[in-house]
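Heads up: the structure comes next, in structure tokens.
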Amino acid sequence: MIIKPSQALKPNHLLTEADVTPEHIYRERRKFMQQGGWALAGGVLSTFAPSLFASGLSYKATQYGKKETLTPEEAVTSYNNFYELGTGKSDPVNNADQLKTQDWKITVEGHAENTGVFALEDIIKKQQLEERIYRLRCVEAWSMVIPWVGFSLADMLKQFKPTSKAKYVEFTSIYDPKNLKAQSSLFSTIDWPYKEGLRMDEAMNELTFMATGLYGKSLPNQNGAPIRLVVPWKYGFKSIKSIVKIRFTDTMPETTWSQIAPREYGFYANVNPNVDHPRWSQASERRLPTSFFNIKKIPTQMFNGYEQQVAHLYKGMDLTRYY
Ligand code: MTE
């Protein structure tokens with residue numbers, strides 16, 4: 001979705017089909033940027049083609065996922081899992097304005113030299129934004145291909161100088177029960193705030209990404225604004241949204257889904273077609289968007305197809321036990 005100038009102030013979750021630019025135009029824009037278009041364009045193109053620039057984010061194109069067919073932005077931003085905004089797939093887009101992202105801060109704690117409370121913009125300004133196209137495989141057996149904008153988690157964590165005692169990193173999402181209605185609901189199964197964690201070597205792997213945007217512009221609230229994790233070889237629930245705290249620990253942190261159902265959702269949660277969820281098969285997935293007549297089932301790949309980059313992290317581990 002590329003915002004037309006007239007729509008620039010309309011919240012993402014209110015954009016209609018008519019406000020959306022089709023994928024081929026997005027692709028063209030991407031190609032243009034890859035060819036150094038930003039540098040060449042100066043003020044000239046912005047006069048002739050304002051919609052190319054209206055989305056604002058300036059980032060570097062990369063080779064990640066270049067050959068993938070993207071999931072249309074409409075699906076990426078309207079079929080979501082974000083329990084803070086409701087449990088239905090369209091609740092996050094419909095309740096997106098419950099998430100307040102102004103003056104976002106991230107608290108850094110634990111085994112690191114540079115701890116404290118940091119304004120998000122101070123963290124981001126040290127990073128060069130880039131685009132990476134990754135597959136996202138949900139544990140519920142659906143998947144998407146998403147062009148994220150952000151930076152490597154490793155580069156961000158280095159800012160905080162973790163010490164040798166840091167063996168894991170724990171992430172915590174926003175806790176704001178006044179505005180996020182699900183967090184004050186008596187019926188919620190989640191012990192808020194949502195928490196996730198990675199082993200330090202997983203966190204420092206080159207694929208692990210912090211996204212601040214998608215489809216060329218800032219993250220919509222329903223996708224985890226203003227900053228979320230993306231771990232493409234793990235089930236989607238590891239990719240925690242709207243992060244407010246990072247803590248370096250020497251023991252494995254508790255994580256939301258393994259607290260709720262430890263037999264179903266382990267700490268590692270690596271995508272693995274050979275280890276079924278206790279209640280359904282993980283051998284294949286529905287590539288979204290699907291329809292009643294076209295359920296695009298494709299085989300699930302080991303580590304979601306990122307085996308070459310990450311298999312070494314689990315050498316010697318029994319992946320049926322450490323699921
Ligand atoms: N992060 C938070 N804070 N709350 C959530 O409910 N859901 C997870 C993950 N991150 C979730 C979250 C799940 S189950 C998935 S599949 C992905 O976000 C979905 O990301 P998307 O909605 O951007 O596709």
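Reported count of residues in region 120-145, each being more than 8 Å from the ligand (Cβ to nearest atom), open to solvent by 10 Å² or more (accessible area, probe 1.4 Å) and either among the β-branched types (Val, Ile, Thr) or assigned to a loop (DSSP other than H, G, I, E, B) (or both), is 7. The condition of being within 21 Å of Tyr79 (Cα to Cα) and of a type in the set (S, T, N, Q) holds for only one of Asn274, Asn304, that being Asn304.
Here's the yes/no breakdown for (1) within 10 Å of the ligand (Cβ to nearest atom); (2) among the β-branched types (Val, Ile, Thr); (3) over 30 Å from Asp103 (Cβ atoms):
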site	(1), (2), (3)
Pro226	no, no, no
Met252	no, no, yes
Val271	no, yes, yes
Trp280	no, no, yes
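All but one of (1) open to solvent by 10 Å² or more (accessible area, probe 1.4 Å); (2) within 16 Å of the ligand (Cβ to nearest atom); (3) among the polar types (S, T, N, Q) hold for Ser173; state the number of the condition that does not hold. It is condition (1) that Ser173 fails.
In region 270-290, the residues that are over 25 Å from Val310 (Cα atoms) reach residues that are modelled with pLDDT under 95 with C-beta atoms within less than 7 angstrom, at least six apart or across chains, in these pairs: Thr290/Lys296. Out of Phe248, Phe237, Phe303, Phe267, one residue alone is on the phi > 0 side of the Ramachandran plot and either modelled with pLDDT of 95 or more or of a type in the set (A, V, I, L, M) (or both). It is Phe303. Screening region 211-323 for strands (runs of 3 or more DSSP E) wholly inside it with 1 or more residues that are crowded, with 19+ Cβ neighbours inside 10 Å returns the ranges 228-230, 243-249, 284-287.
Selection of region 182-210 for residues being away from the ligand (no atom under 12 Å from the Cβ), open to solvent by less than 30 Å² (accessible area, probe 1.4 Å) and not aromatic (Phe, Trp, Tyr) yields Gly197, Leu198, Met200, Glu202, Ala203, Asn205, Leu207, Thr208, Met210. Does Lys89 qualify as being away from the ligand (no atom under 13 Å from the Cβ), charged (D, E, K, R) and without any contact (Cβ under 8 Å) to a residue 60 or more places away in the chain? Taking the combined requirement at face value, the residue does not satisfy it.
The values are calculated or read from the model by the stated rules, or taken from the named source; none is laboratory data. No experiment lies behind these values; they were computed from the predicted model shown. Note that we place each Cβ from the backbone using ideal geometry, even for glycine, and neighbour counts take in every protein chain shown. Heavy atoms of the whole protein, side chains included, go into the accessibility calculation; ligands, DNA and RNA do not. Shrake-Rupley method; radii C 1.70, N 1.55, O 1.52, S 1.80 Å.
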